[in-house]
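Each remark here refers to the structure printed beneath this line.
The values are calculated or read from the model by the stated rules, or taken from the named source; none is laboratory data. Being a predicted model, the structure only gives us computed values, none of them experimental. Cβ sites come from the backbone with ideal geometry, for glycine too, and all protein chains shown count toward neighbours. These area figures cover heavy atoms from the full protein model, side chains too; ligands, DNA and RNA do not enter into them. Shrake-Rupley method; radii C 1.70, N 1.55, O 1.52, S 1.80 Å.
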Amino acid sequence: MTSVVSLDRLPPGGAPEFAFAGRSNVGKSSLLNAVTGRKALARTSGDPGRTRQLNFFSLGELAWLVDLPGYGYARAPKPEIARWTQLTGDYLRGRQQLARVFLLIDSRHGLKPSDIEVMSALDTAAVSYQIVLTKTDKLKSAELDKMLADTAEKIRKRPAAHPVLHATSSSKGAGIDALRAEIATLAGAVNG
């Protein structure tokens, strides 16, 4: 519906917002497309740092999905990276309608230092977040089970982390229905 490059351009309040965050190339856009059932809703790219603003997708009066710029490596000038990093941080710390951040983690690599840094910032700001493992089709079943157990242990004592993890594959559709149901349940609870 809209792309935002400054906080004064945010859509008006009302419906709850669910933000999708993660390192560059973790699969945010692909996951948003899978969750909404629309192949080209969010632009996908192999180039790190293609999302450079906050992209809002409307689910009618139910909720907004927000595609955040990736963190970590990006092919962009440093001042531009600093601008969108600041914008993302300000949004995450100050948006009253933000119901949950879905923090996407590439299941092949697990939590990286940049992910831990983001989780610490969300913990400090008391912003609820939930881990979503992506690209799980690239792992064998035993590897995925180990990654889920390891990740659950690493977030166990984090104050803002939701304890339930989602394991997803945008290409195979694994875990998409469960994530979709979680968003609908949360939106229904917020909308009362």
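Being of a type in the set (D, E, K, R), buried (at least 20 other Cβ atoms within 10 Å of the Cβ) and touching a strand residue (DSSP E or B) at 6+ places or on another chain (Cβ under 8 Å) narrows it down to one of 123, 115, so name that one. Before you say what the answer is, go through the steps one by one.
Working: 123 fails: buried (at least 20 other Cβ atoms within 10 Å of the Cβ).
Being of a type in the set (D, E, K, R), buried (at least 20 other Cβ atoms within 10 Å of the Cβ) and touching a strand residue (DSSP E or B) at 6+ places or on another chain (Cβ under 8 Å) holds for just one of 123, 115, which is 115.
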(request) Give me the pairs, please: first residue somewhere in region 105-134 and over 14 Å from residue 166 (Cβ atoms), second residue anywhere and of a type in the set (D, E, K, R) and in a helix (DSSP H, G or I), beta-carbon distance under 7 Å, and either six or more positions apart or on two chains. (result) 108/138; 110/150; 111/154; 125/93
(message) Testing residue 21 on (1) surrounded by 13 or more Cβ atoms within 10 Å (Cβ to Cβ); (2) modelled with pLDDT under 85, one condition comes back false. Which one is that?
(response) (2)
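Conditions (1) surrounded by 13 or more Cβ atoms within 10 Å (Cβ to Cβ); (2) aliphatic (A, V, I, L, M), marked per residue:
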site	(1), (2)
142	no, yes
146	yes, no
152	yes, yes
155	yes, yes
158	yes, no
163	no, no
(request) Among residues belonging to region 1-34 that are touching a residue at least 60 places away in the same chain (Cβ under 8 Å) and part of a helix (DSSP H, G or I), point out the one that is nearest to residue 91 (Cα to Cα). (result) 7
(request) Kindly provide the set of residues from region 83-98 that are closer than 16 Å to residue 64 by Cβ and either part of a loop (DSSP other than H, G, I, E, B) or at pLDDT 80 or above (or both), ordered by number. (result) 88, 91, 92, 95, 96, 97, 98
(message) If residue 188 meets every condition in (1) open to solvent by less than 80 Å² (accessible area, probe 1.4 Å); (2) within 18 Å of the chain's Cα centre (by Cα) apart from one, which number is that one?
(response) (2)
(request) Kindly list the number of the only condition in (1) at pLDDT 95 or above; (2) out of contact with any Ser or Thr (no Cβ under 6 Å at 6 or more places or on another chain); (3) on the phi > 0 side of the Ramachandran plot that fails for residue 126. (result) (1)
(message) Could you check region 127-140 and list, in sequence order, the residues that are crowded, with 18+ Cβ neighbours inside 10 Å and assigned to a helix (DSSP H, G or I)?
(response) 136
(request) Look at region 168-191 and say how many of its residues are more than 11 Å from residue 16 (Cα to Cα) and out of contact with any helix residue (DSSP H, G or I) (no Cβ under 8 Å at 6 or more places or on another chain). (result) 5
(message) Any residue that is at pLDDT 75 or above, part of a helix (DSSP H, G or I) and either surrounded by 22 or more Cβ atoms within 10 Å (Cβ to Cβ) or out of contact with any helix residue (DSSP H, G or I) (no Cβ under 8 Å at 6 or more places or on another chain) (or both) - is there at least one of those in region 66-82?
(response) no
